[in-house]
1. Can you sort B:His191, B:His36 by solvent-accessible area, 1.4 Å probe, largest first?
2. Name the residue from A:Gly138, A:Met46, A:Tyr89 whose Cα lies farthest towards the positive end of the charge dipole of the range A:23-158, charges +1 on Cβ of Lys and Arg and -1 on Cβ of Asp and Glu.
3. Would you work out the charge dipole size for the range A:297-533 about its Cα centre, treating the Cβ of every Lys and Arg as +1 and the Cβ of every Asp and Glu as -1, and quote it to the nearest 20 debye?
4. Take the alpha carbon gyration tensor of the range B:50-112, find the square roots of its eigenvalues, order them as a ≥ b ≥ c, and report rounded if a/c is under 1.5; if not, report prolate when a/b exceeds b/c, else oblate.
5. How large is the dipole of the range B:150-237 about the Cα centre if only Lys and Arg carry +1 and Asp and Glu carry -1, each at its Cβ, rounded to the nearest 20 debye?
6. Based on Cα coordinates alone, diagonalise the gyration tensor for the range A:297-533, multiply each eigenvalue by 5, take square roots, and list the semi-axes in whole Å, largest first.
7. Beyond a 28 Å Cα-Cα separation, which of these cross-linked pairs lie in this structure: A:Lys32/A:Lys308; A:Lys92/B:Lys46; A:Lys401/B:Lys177; B:Lys173/B:Lys221; B:Lys46/B:Lys173?
8. Checking the cross-link filter: which aspartates and glutamates have an alpha carbon closer than 15 Å to that of A:Lys28, excluding same-chain neighbours under 8 positions apart?
Amino acid sequence: MNNIGYVLRVQLLSAFGINKLLHTTDPKEKKKAIWMGIGIGLLAIMIIGMSILYNILIAVSFKEIELVEFYLPMVMSLTSFIILITTFYKAKGILFEGKDYDMLLALPIKTSHIVGAQVLYLYLMNLLFLVMIMIPAGFVYGILVRPRGIFYLIYGMTLFFVPLIPIIIATFVGAIITMITMRLKHTNFITLMINVVFIAVVICMSFGANSISEEHMGQLGEVVMSAINKIYPLAQLYLQAVCEYSIGAALLFIGLSVLAFGLFVTFIGRKFKIIHTMLQTSARRSQYEGGQVKESSVLGALYYKELKRYFSSSLYVMNTSVGIIFMLILSVSLFFLDAIELEHMLGINGVHQYIAEFAPLIASFCIALNCTTACAISLEGKNLWILKSSPIEARTIFISKIGVQLAINIPAILLNTILMTIALRAHFMQALLIFAIPTVYTIFIAIMGIIINLKWPNLEWSNEVVVIKQSMATLLVMVVALISIIVPGVLVIIIPGVSTVMKLIMLLVVMIVLIYGAYRYMVIKGDKLFRDL
Amino acid sequence: MLTIKHFSKCYKGGKRAVKDLNLQVEAGDLYGFIGHNGAGKTTTIKAIVGILDFEEGDIEINGISIQKDPIACKRKIAYIPDNPDLYEHLTGIQYLNFVGDIFSVGKDKREVTIKTYGDMFELTSSLGDLIQSYSHGMKQKLAIISALLHEPKLLILDEPFVGLDPKAAHTLKSIMKELCHKGCAIFFSTHVLDVAEKLCNKIAIIKDGELITSGAIEEVKGNQSLEELFLELINHE
């Protein structure tokens, strides 16, 4: 194995706490590992199940309008788009902010090899999207279209090269933004604003690409391909490779991806030390002369500290606000588009009749997947001694962390409520539910995030990406969030004889009871769990 | 001030870090805690300040058990770890305000203490900068200032002189003597036997989790130097 392999192996062992689990001799930790495996398995099954369902709906929609050949390029473009967004805001953290870089750079390893290992790590993490989205899509396409045998060869060949270009774009843009902003004052704030704008623009562009107006229906094929190409220009090449069985196109697609990847790694390898050095050396800016001494309550002090921590990391902010951005774009879209146009954008037939009724659940789905507390304990890391040696009740610490989640989500929920109420012409009770249900979900998930992170902490990390995006706690909170939305959501849809409003009110009551139970558990058991950290 | 009674700590996997430790630190004591690497010093210190939970024995601060009423105990103590990992996303003054708020230190008192110790450690002008930009020594100084904000009755330090320049180390020693003179008790671990010999009125030597000797420094070391005593005890036990 060469140096890239050695560095990559160490990275992979730290992901998801794998190495700790492999080497622990504590039977409790081993039991935890089993539960974690079950949790991950459940999450994977749920996500793949949802993916298969979505793929079937889209594929059938395409088949009905006799455009099934555009289905796989569209799925590939969508996967690339997801990889682009998710890689974009973690690229800086993985590439430039590893706490082990000082050690690695002092070793006889080429800088380009260190960078290569990080980019490969990004690539391997993104393979999950291939498993979740593209493999089910290939499976569905195979059943619907019954293509020639060569399809499976070409599809399999090109599959593993799909993430390369989106990773390059995301990390390149992330690197450029880093290089520009690191020379500025208020680096974190500017980086954050750029990240938010970038994500919002990309989401809006994808929505715009998906919308097809009535007068274009006659040239539907060209319009659809043009729309897909707007998301991902290599889609045309991919279509020729996979759906028209062109080996030449497949090799060109693979060749372009590999060439671009190689050039990119070389470029970043050359600039890496400069960027890393600049990021490590923060210039002294101020000459303190007194006068900034302020007094606050204990909870106020903790809350202020938590907010500063939250906004100091663009990765932390982006990872816990993509759902909010999506929710707000959706509600703004409702404001300007009618439900049928929105249905075209989402690509699901017949969804327009449900948007108004289930707006509270749609908003809750977006909100519930944003959980700042899932990694809030882990992020204390080596700073934990400060809280543990201070005269503070554990409950106060937990409340300060939950406060950050509420500070981020509640204003977004309020804005969403106003937009949806006006756009959907909701009556008073519906408007109340559009506000209340996402609010109870955000409180519930915030508390669950604390409980789960106390049970599955990771205080020994060298890169915050590991705890923010790849920790067991984050995964398990996602499982809980999905189950807590999907199960009641399905029940609300299928239970007959009761109005949707009444069913949503009952859901609200159930959630309030769950919040009370979770809070009591957090306060009673959480104290012991915190002391055991 | 500090009473450790039959304290034992076993880590997961059966590794015994400390066995049946008994110690008493009185007000005004400058107590040195000495031992080789892995002897159990940091484990003991972390248990005293409430970072590490334990099942055997008890630790009392002014008669209050750290297990039964940790908040009351922590109000009286201040802790400075060997590696001061502070909140890098805060400025120095923001961190001091944070600690001041946790210990409910009034604004006026805070200002005076920060100015006094900030000037003594020549850190005042850097308090407006992010802790991220501080050197190890600067973080150590900031941690010391934060520990002194609320006038603790018991100061616990783990290897306090590591990373400090000679002037700062001298300043810290002066502060420690002054605090003890005012009735504060100081309990600190160190590898630097010279410092312990010159500074402390009492010492305890720990080896492989067990207390070998403790008491007034003159009685413990007799006519030998502390280094000679330490090596003799470590090699012969």
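The values are calculated or read from the model by the stated rules, or taken from the named source; none is laboratory data. Bear in mind that the values here come from a model prediction, so they are computed numbers and not experimental data. Note that each Cβ is placed from the backbone with ideal geometry, even for glycine, and that neighbours are counted across all protein chains shown. Please note that ligands, DNA and RNA were not included when accessible areas were found on the heavy atoms of the full protein model with its side chains. Shrake-Rupley method; radii C 1.70, N 1.55, O 1.52, S 1.80 Å.
1. Working: B:His191 90, B:His36 50 Å².
The ordering from most to least exposed comes out as B:His191, B:His36.
2. Positive-most Cα among the choices belongs to A:Met46.
3. On the way: 15 positive and 11 negative charges, 157 e Å.
It comes to approximately 760 debye.
4. Note, shape of the range B:50-112 comes out oblate.
5. Once rounded to the nearest 20, the dipole reads 480 debye.
6. Details: eigenvalues 231, 70, 48 Å².
Semi-axes, largest first: 34, 19, 15 Å.
7. Working: A:Lys32/A:Lys308 32 Å; A:Lys92/B:Lys46 35 Å; A:Lys401/B:Lys177 39 Å; B:Lys173/B:Lys221 21 Å; B:Lys46/B:Lys173 22 Å.
From A:Lys32/A:Lys308; A:Lys92/B:Lys46; A:Lys401/B:Lys177; B:Lys173/B:Lys221; B:Lys46/B:Lys173, over 28 Å: A:Lys32/A:Lys308; A:Lys92/B:Lys46; A:Lys401/B:Lys177.
8. Within the straight-line limit of under 15 Å, A:Lys28 reaches these aspartates and glutamates: A:Asp532.
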